[in-house]
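Below you'll find the structure, written out as C-alpha cells, and then a few comments.
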Amino acid sequence: MDSKILGSNIRKFRNAKGLTQDQAAELCGLSTNYYRQIELGNKTPQLRTFIRIAEVLEASSNSLLSGIIQNDDAKVAQDLATEINDLPVNKRKLVLTQIETLLSSLKSV
C-alpha cells in the first residue's frame, strides 16, 4: 500500500472538515505524533485505526484509498504482462488464448 497517497488523502479530508491535526488525532483517540506520521505517509494505520479515521473524517474507505487501489491493480497487470512476455512463444500463446477465453466468458455473465 502506498502510505504517502493514503496520508495525503487523509489530510485532504481533514482539511475539508476544518480540523487541525491535533483535533483529528484527539477525535480518533490517537497521539498527535502518530496521526502526523500517518498523514506524512511514514506510518500505515492498522485496519481498526483506518476505520476510526474514516468515521471521524466522514469519508468512505474508497475515497481514502483513492489512487492506491488503482495503482495496485495497474502494478499487478504490469507484473503479469512481464511474466507472460518472458514465457517461450508457445507457452505465451497458450496463456494469451486462455486469458482471451476467460475475458470472453466474463463478458457474457
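No value in this document is a laboratory result; all are computed from the given coordinates. Computed from a predicted structure; not experimentally measured. For neighbour counting, all protein chains shown are included, and Cβ atoms are generated from backbone atoms with ideal geometry for every residue, glycine included.
So, restricting to helices (runs of 4 or more DSSP H) that lie completely within region 4-109, which ones have at least 1 residues that are surrounded by 11 or more Cβ atoms within 10 Å (Cβ to Cβ) and under 17 Å from the mean Cα position of the chain (by Cα)?
Values: elements: 21-28, 32-40, 47-57, 61-64, 69-85, 89-107.
By residue number, 32-40, 47-57, 61-64, 69-85.
Where the second residue is of a type in the set (D, E, K, R) and the first is in contact (Cβ under 8 Å) with a residue 60 or more places away in the chain and lies in region 50-69, which pairs have Cβ atoms under 7 Å and are six or more apart or on separate chains?
Pairs found: Ile68/Asp2.
So, in region 24-38, exactly how many residues are closer than 14 Å to Arg52 by Cβ and either of a type outside the set (A, V, I, L, M) or touching a strand residue (DSSP E or B) at 6+ places or on another chain (Cβ under 6 Å) (or both)? Spell out how you get there, then give the answer.
Narrowing region 24-38 to residues closer than 14 Å to Arg52 by Cβ: 24-31, 34-35, 38.
Within this subset, residues satisfying the condition of being either of a type outside the set (A, V, I, L, M) or touching a strand residue (DSSP E or B) at 6+ places or on another chain (Cβ under 6 Å) (or both) are 26, 28-29, 31, 34-35.
Of the residues in region 24-38, 6 are closer than 14 Å to Arg52 by Cβ and either of a type outside the set (A, V, I, L, M) or touching a strand residue (DSSP E or B) at 6+ places or on another chain (Cβ under 6 Å) (or both).
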